[in-house]
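As structure tokens, the structure follows; a few thoughts come after it.
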Amino acid sequence: MIMARRQAFLAMLVLLAPIAQAGGSDGSDEHGRSNWLLFGNADANALEGDASLYDSTDLVVAADLLGSWETGSFRILGELFLSTEEQELERLQLGWEVVPETYAWLGRFHQPGSAWNTRYHHGQFLQPSITRPTIESWEDEGGVLPQHLVGALGETRLQLADESGFLLAAGAGIGPVMTPSGLAPVSLFHARGVERRPTFSFRAAFLQDLASDDGIELVAMRSEIGLSDSGYAGPSSHVDLDAVGLSLGWALQRWQLVSTIYAMNAKFVGDGGGNDEFFAGYLQLSRKLGRGLSLLGRFEGSAHTNDSRYLALFPDFVSQRAVFDLRWDLAPQQALSLEFAAAQGRYGNFQELRLQWSAVFP
Amino acid sequence: MERRVPVMASRRDILCLAMAVLVARQASAIEDDTVVLVTAEPDPDFSLPTVKLRKLFLGFTVLHDGNVLQPIRNRSDELLDKIFLQHIVAMSDEAYERRVLSMSLRQGRQRPREVYSRDTLIQTLLRIPHCISFAWQSDLRGVPGIHMVRTLWRP
């Protein structure tokens, strides 16, 4: 997606201010404190499959620039993603820490009902595999769930007597719109005349250690997705999409297990049709091997997807995939990853081979 | 020639002995030293439970008397840094770095300040309000304006 001029200007303003300020001795002064991070990656990808549309090779270079500035209880956070494929102001949030560990945000944010995306956002270096699970894909990468909202977000952490605690988050705002090629994420300054409808998203997690991701979490979302720009020829004006998910994260010594399952219901409002129910999820197991090496296996599966009228709007939807990833942390902030995947798409099976260098600075 | 050999051996012995005494005294000083929680806050009742101290260095907001505490990671000494990782945040260096990175990525949280010398630590503690850090007791004993809150680690 190409950014609008106003969006690009705002992104530059928010992201360059912290960098300029960080030029001081420790990036801090009496007017506030700033922080910036640059995640970079370079990928070589090859796909080969039953149908010619799956055959492709490409090289992608990407940078994710994250800047934040805070003074007192107020904070501004911006995330700008630039790659050879797209440029997008992913997040721009104005936040207020109402009481310690309770935040109210306004702006464009990643909806809290995605277990994967709330952990890794666009920080490729922190992600344990090159690819994300299909059901967690961003809208402009063929994702079937809304992931970006413009509106309000509340987040809080409640610590129990020990190090465990609850994490609660709720977001409300306008979400994506359906286009002939799938969902188009909402922009901070969206074009006039584009139909935008509300999305509500919720996350409740119990974590064994509030500073970790180990625990169990429940996510839920309700979204109205407008169809007027989708090329859909039926009588419905929009789809009511409900999703409920359960996620589990567990680490034991060198092993880590992550699993999430979503149950979704899509209803084409006004066409008299029935509910459209389908399921999707993944189970991922990884192990540190020593010497900076780690091995990961992930199985992604789904059910009732072939009959889904909603999923028929997504030609790139992958119903099953087995992923194997070998990662080498060659330096404290750099990694090389090799990933192989066998997938089943709408038009047949295909294989993916990916090689990636990822890093974070400073 | 026969008489010079024992003389040279004797000088070598004295040198070795002197070095051994020096190393032993340094080792003894480290063995006797403790790691303490330090601040420039004037509050004599300043104390932080271990769980809150860990939260603070992991990037969470921790208040003291209504003020947000500012953690400083003291990296002036390799052993001190190891003690910090093992006894304060209870994580490996890699896991700690990833956790702090992750907190920044998710909510734009500030990473703890880092200092690489005793002098910078003292200057930062005195310059920025509500800072808290850790150090060898012997490094900061008697420094004006710096208070030792409690012992975090002893050999």
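The values are calculated or read from the model by the stated rules, or taken from the named source; none is laboratory data. From a predicted model like this one, the values you see are computed outputs, not experimental measurements. Methodologically, a virtual Cβ is constructed for each residue, glycine included, from the backbone with ideal geometry; neighbour enumeration extends over all protein chains shown.
Figures for the structure shown
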| item | result |
| --- | --- |
| Residues that are touching a residue at least 60 places away in the same chain (Cβ under 8 Å), touching a Ser or Thr at 6+ places or on another chain (Cβ under 9 Å) and either crowded, with 20+ Cβ neighbours inside 10 Å or at the interface with chain B (Cβ under 8 Å from one of its Cβ atoms) (or both), drawn from the stretch A:94-126 | A:Arg108, A:Gln111, A:Pro112, A:Gly113, A:Ser114, A:Ala115, A:Arg119, A:Gly123, A:Gln124, A:Phe125, A:Leu126 |
| Some residue of the stretch B:65-72 being among the small types (Gly, Ala, Ser) and surrounded by 15 or more Cβ atoms within 10 Å (Cβ to Cβ) | no |
| Residue list for the stretch B:85-98, restricted to those being crowded, with 17+ Cβ neighbours inside 10 Å and facing another protein chain (nearest Cβ under 7 Å) | B:Arg98 |
| Some residue of the stretch A:342-350 being under 25 Å from A:Gly40 (Cα atoms), among the aliphatic types (A, V, I, L, M) and away from chain B (no Cβ under 14 Å) | no |
| Top-ranked residue in the stretch A:33-78 [being charged (D, E, K, R) and closer than 17 Å to A:Ser358 by Cα; ranked as modelled with the lowest pLDDT] | A:Asp58 |
| Elements of type strands (runs of 3 or more DSSP E) contained in the stretch A:175-274, each with 1 or more residues being on the phi > 0 side of the Ramachandran plot and not β-branched (Val, Ile, Thr) | A:182-184, A:215-226 |
| Residue that is farther than 17 Å from A:Asp43 by Cβ and away from chain B (no Cβ under 14 Å), where the choices are A:Leu167, A:Leu149, A:Leu158 | A:Leu149 |
| Among the candidates B:Leu152, B:Leu101, B:Leu80, residue that is more than 10 Å from every other protein chain (Cβ to nearest Cβ) and assigned to a helix (DSSP H, G or I) | B:Leu80 |
| The stretch B:63-88, subset under 12 Å from the mean Cα position of the chain (by Cα) and among the polar types (S, T, N, Q), residue farthest from B:Val51 (Cα to Cα) | B:Ser76 |
| Filter result for the condition that a residue is surrounded by fewer than 21 Cβ atoms within 10 Å (Cβ to Cβ) and at pLDDT 90 or above, over A:Gly249, A:Gly215, A:Gly245, A:Gly231 | A:Gly215 |
| Residue check, B:Asn74 touching a residue at least 60 places away in the same chain (Cβ under 8 Å) and within 16 Å of B:Val115 (Cα to Cα) | yes |
| Odd one out for A:Pro18, checked against (1) in contact with a Gly (Cβ under 6 Å, 6 or more places away or on another chain); (2) within 14 Å of chain B (Cβ to nearest Cβ); (3) modelled with pLDDT of 60 or more | (3) |
| Selection from the stretch B:101-146 of residues that are over 30 Å from A:Gln333 (Cα atoms) and β-branched (Val, Ile, Thr) | B:Val143, B:Ile146 |
| A:Val144 being out of contact with any strand residue (DSSP E or B) (no Cβ under 6 Å at 6 or more places or on another chain), modelled with pLDDT of 90 or more and either at the interface with another protein chain (Cβ under 9 Å from one of its Cβ atoms) or farther than 29 Å from A:Ala312 by Cα (or both) | no |
| Any pair with Cβ under 7 angstrom, 6 or more apart, that starts in the stretch B:82-96 at a residue that is closer than 19 Å to A:Gln333 by Cα and ends at one that is loosely packed, with under 14 Cβ neighbours inside 10 Å and of a type in the set (Asp, Glu) | B:Leu85/B:Asp93 |
| Residues that are surrounded by 13 or more Cβ atoms within 10 Å (Cβ to Cβ) and either free of Cβ contacts under 8 Å to residues at least 40 places away in the same chain or more than 14 Å from chain B (Cβ to nearest Cβ) (or both), drawn from the stretch A:49-65 | A:Gly49, A:Asp50, A:Leu53, A:Tyr54, A:Ser56, A:Val60, A:Val61, A:Ala62, A:Ala63 |
| Number of the exception - A:Ala220 against (1) out of contact with any Pro (no Cβ under 9 Å at 6 or more places or on another chain); (2) crowded, with 22+ Cβ neighbours inside 10 Å; (3) under 24 Å from A:Gly301 (Cα atoms) | (2) |
